[in-house]
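Presented below is the structure to which this report refers.
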Amino acid sequence: MKLFKNKVAAITGAGSGIGRALALNLAKQGCHLALADVNDRGLTETVAMIKPLGVRVTQHVLDVADEAAVFAWAQSAVDAHGHVNLLFNNAGVALSGTVAALSTADYDWIMRINFFGVLYGTKAFLPILEKSGEGHIVNISSVFGLTAQPLMSGYNASKYAVRGFTESLRQDLDLTNSCVSATCVHPGGIKTNVAKSARMSDSVAQVTGMSNKAASTEFERTFITSADSAANTIIKGVQRNARRVLIGPDARLYDWMVRIAPAGYQRLVTAVVRWRSKA
């Protein structure tokens, strides 16, 4: 898919960050939008920014962890726009803590949003995209879908799951000669609100010696790429039908690191976290 004029894109997590940036970028190219987010206020702000651009835009307050709600949103998008060509499964949350300290409920929470939200979106929209005659699914994983990090087991599990699911999906689509394609995106540190909405166990403070607030601030210092830049890179990835898209120099660094030392990188990452905690 090279051009987006008069196409229709469905985007989750459109109330801020990469989702909002994707919506604005596509709208400027004449793409109509079906936007969803759990945050009604943020979603309304995004829609207000897009309306002057002259494209048709609909909004839907949505918890992507709710399967029935995701399928209902997909149907409402078709009812409003007639068809859908693009799906961006972008909504996500973060979770920090040691495996010993986190509860199974914590893992269930993050998997339902980060992984099952992607699964539900894909299942709901795939037949719709195929019916349109030309479609593309973009699933947002993370640099933490390339490398594991201490204190991030829940987030790692969800983002590795998105990666495996999307890579297999792309192969399914190839084998069946589908008119739909798929791309897995691995952003590095992007300037978004993900740290502010993250769940953080007290075990983070116990291990690092930092308060949860300080740890969150430290995490935000790694956000080096703007959401606008990330959106632009993702859209270019769709245009070249990329199987995988890395965003930011940190993502490329981590990708290189895990290629060079598939097991040894873990010692390096742990050492860096220990050193930063002492500092």
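The values are calculated or read from the model by the stated rules, or taken from the named source; none is laboratory data. These numbers were taken from a predicted model, which means no experiment stands behind them. All Cβ positions, even for glycine, are placed from backbone atoms using ideal geometry, and neighbour counts span all protein chains on display.
Restricting attention to the stretch 178-219, report how many residues are at pLDDT 80 or above, farther than 20 Å from residue 138 by Cβ and not small (Gly, Ala, Ser).
So the count comes out to 6.
Tally up the residues in the stretch 103-147 that are under 19 Å from residue 174 (Cα atoms), among the basic types (Lys, Arg) and under 17 Å from the mean Cα position of the chain (by Cα), please. Break it down into steps so the answer makes sense when it comes.
Quick first cut of the stretch 103-147, residues under 19 Å from residue 174 (Cα atoms) only: 119, 122-123, 125-139.
Applying the additional criterion that residues be among the basic types (Lys, Arg) yields 123, 131.
Adding the requirement that they be under 17 Å from the mean Cα position of the chain (by Cα) leaves 123.
Qualifying residue count for the region: 1.
Going through the stretch 85-95 one residue at a time, which ones are under 16 Å from residue 156 (Cα atoms) and either among the hydrophobic types (A, V, I, L, M, F, W, C) or outside any loop (DSSP other than H, G, I, E, B) (or both)?
Matches in the stretch 85-95: 91, 93, 94, 95.
Restrict the check to the stretch 45-57 and report whether at least one residue is crowded, with 18+ Cβ neighbours inside 10 Å and within 18 Å of the chain's Cα centre (by Cα).
Yes, some residue in the stretch 45-57 is crowded, with 18+ Cβ neighbours inside 10 Å and within 18 Å of the chain's Cα centre (by Cα).
State whether the residues of the stretch 22-39 include one that is over 21 Å from residue 235 (Cβ atoms) and touching a Gly at 6+ places or on another chain (Cβ under 6 Å). Give the derivation first.
Here is the first cut: in the stretch 22-39, the residues over 21 Å from residue 235 (Cβ atoms) are 38-39.
If we keep only those that are touching a Gly at 6+ places or on another chain (Cβ under 6 Å) too, we end up with 39.
Checking the stretch 22-39: at least one residue is over 21 Å from residue 235 (Cβ atoms) and touching a Gly at 6+ places or on another chain (Cβ under 6 Å).
Which residues, taken from the stretch 14-36, are closer than 18 Å to residue 228 by Cα and in a strand (DSSP E or B)?
Looking only at the stretch 14-36, we keep the residues that are closer than 18 Å to residue 228 by Cα, and these are 14-31, 33, 35.
If the condition is that a residue be closer than 18 Å to residue 228 by Cα and in a strand (DSSP E or B), then 33, 35 are the ones that fit.
Looking at (1) part of a helix (DSSP H, G or I); (2) in contact (Cβ under 8 Å) with a residue 24 or more places away in the chain; (3) in contact with a Leu (Cβ under 8 Å, 6 or more places away or on another chain), can you tell me which one residue 47 breaks?
All conditions pass for residue 47, except number (2).
Take residue 146 and tell me if it is buried (at least 20 other Cβ atoms within 10 Å of the Cβ), touching a residue at least 24 places away in the same chain (Cβ under 8 Å), farther than 22 Å from residue 250 by Cα and not charged (D, E, K, R).
no
Among the residues of the stretch 26-82, write down those that are of a type in the set (Val, Ile, Thr) and under 29 Å from residue 107 (Cα atoms). Even if it seems obvious, please write down each step before you answer.
Going residue by residue through the stretch 26-82, those that are of a type in the set (Val, Ile, Thr) are 38, 44, 46-47, 50, 55, 57-58, 61, 64, 70, 78.
Those that are of a type in the set (Val, Ile, Thr) and under 29 Å from residue 107 (Cα atoms): 38, 61, 64, 70.
Out of 77, 48, 65, I need the residue that is closer than 30 Å to residue 202 by Cα, aliphatic (A, V, I, L, M) and either modelled with pLDDT of 95 or more or in contact with a Phe, Trp or Tyr (Cβ under 9 Å, 6 or more places away or on another chain) (or both). Which one? Talk me through it step by step, then tell me what you get.
Values: 77 fails: closer than 30 Å to residue 202 by Cα; 48 fails: closer than 30 Å to residue 202 by Cα.
None of the others qualify; the one that does is 65.
With the condition kept exactly as written, say whether any residue in the stretch 99-117 is within 14 Å of residue 182 (Cβ to Cβ), out of contact with any Gly (no Cβ under 7 Å at 6 or more places or on another chain) and of a type in the set (S, T, N, Q).
Just the residues of the stretch 99-117 that are within 14 Å of residue 182 (Cβ to Cβ), to begin with: none.
Among the residues of the stretch 99-117, not one is within 14 Å of residue 182 (Cβ to Cβ), out of contact with any Gly (no Cβ under 7 Å at 6 or more places or on another chain) and of a type in the set (S, T, N, Q), which makes the answer no.
If residue 173 meets every condition in (1) surrounded by 18 or more Cβ atoms within 10 Å (Cβ to Cβ); (2) within 27 Å of residue 239 (Cβ to Cβ); (3) under 15 Å from the mean Cα position of the chain (by Cα) apart from one, which number is that one?
Status for residue 173: all satisfied but (3).
Find all pairs meeting these conditions: Cβ atoms under 7 angstrom apart; at least six residues apart or on different chains; first residue within the stretch 96-122 and closer than 13 Å to residue 158 by Cα; second residue in a helix (DSSP H, G or I) and at pLDDT below 95.
These pairs meet every condition: 96/204.
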